[in-house]
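The values are calculated or read from the model by the stated rules, or taken from the named source; none is laboratory data. Source: prediction; values computed, not measured. Note that we place each Cβ from the backbone using ideal geometry, even for glycine, and neighbour counts take in every protein chain shown.
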């Protein structure tokens with residue numbers, strides 16, 4: 001199984017952290033933020049991660065050194081011009097598609113979450129559609145593009161950009177699982193997967209959404225980076241507490257005098 005991570009952005013919103021390194025290499029909880037994603041992909045059986053690079057490619061190529069440590073193949077697809085969020089898939093077509101016909105993951109590099117990727121694979125296989133997107137619930141949906149979906153099946157009906165009246169509270173979380181056929185829908189040009197590709201798949205009744213459990217944050221700007229770090233550390237604390245509560249207990253014997 002393969003994955004493509006979109007890492008071509010300039011990272012201007014995250015300055016000053018991105019003045020010296022590309023956004024995916026910014027330290028997050030003591031390691032480059034992109035390593036959190038690569039490790040999560042490795043954990044569920046992904047064997048190759050393709051990085052769609054554009055900005056400061058000479059620095060991004062340094063990620064190759066993690067290949068042996070993480071025991072996962074890391075390759076690169078370099079853009080000569082910014083291709084948006086869909087164009088990189090067309091550019092990396094030959095790297096993504098093989099004889100297996102397996103679906104592949106696509107992730108935005110500035111998303112941090114608990115990465116429930118195994119659940120997403122199971123969901124994708126069960127619904128039999130062409131594409132799955134992960135969505136997350138927000139308190140103020142009027143600030144985002146809202147995903148309107150059937151609650152029982154997860155089938156996506158439509159997208160509503162910054163709705164003035166309430167139509168739902170779920171937004172695109174930037175984590176996708178796509179069949180190879182999706183690439184046939186994408187031209188090799190600057191293209192938006194959110195605005196140009198997904199609405200067409202939804203119109204064909206082949207797009208499904210799964211609600212992301214746990215925390216999620218787009219850490220593309222300083223205040224969200226700090227909020228995301230707090231959520232991440234809180235998640236680690238809860239997991240640690242759960243392990244302590246459910247772990248093996250040593251039962252001692254009390255001997256009376």
**Residue list for region 167-195, restricted to those being surrounded by 16 or more Cβ atoms within 10 Å (Cβ to Cβ), under 17 Å from residue 6 (Cβ atoms) and touching a residue at least 40 places away in the same chain (Cβ under 8 Å)** = 173, 174, 175, 176, 177, 178, 182, 183, 186, 191, 193, 194
**Request:** Output yes when any residue across region 159-168 is under 20 Å from the mean Cα position of the chain (by Cα) and closer than 16 Å to residue 204 by Cα, and no when none is.
**Result:** yes
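Name the single residue that is surrounded by the most Cβ atoms within 10 Å (Cβ to Cβ) among those in region 124-166 being in a loop (DSSP other than H, G, I, E, B), free of Cβ contacts under 8 Å to residues at least 24 places away in the same chain and at negative phi.
The initial filter retains those residues of region 124-166 that are in a loop (DSSP other than H, G, I, E, B), namely 128-130, 138-140, 144, 150-154, 162-166.
Next, only the ones that are free of Cβ contacts under 8 Å to residues at least 24 places away in the same chain stay: 128, 140, 150-152, 162-165.
After this cut, where a residue has to be at negative phi as well, the list is 140, 150-152, 163-165.
Numbers: 140: 7, 150: 11, 151: 9, 152: 6, 163: 16, 164: 7, 165: 6.
Filtering region 124-166 for residues that are in a loop (DSSP other than H, G, I, E, B), free of Cβ contacts under 8 Å to residues at least 24 places away in the same chain and at negative phi, the one surrounded by the most Cβ atoms within 10 Å (Cβ to Cβ) comes out as 163.
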**Complete:** The residue that is modelled with the highest pLDDT, considering only those in region 60-96 that are in a loop (DSSP other than H, G, I, E, B) and out of contact with any strand residue (DSSP E or B) (no Cβ under 9 Å at 6 or more places or on another chain), is 71
**Item:** Residues within region 97-123 that are in a helix (DSSP H, G or I) and under 20 Å from residue 195 (Cα atoms), tallied
**Value:** 0
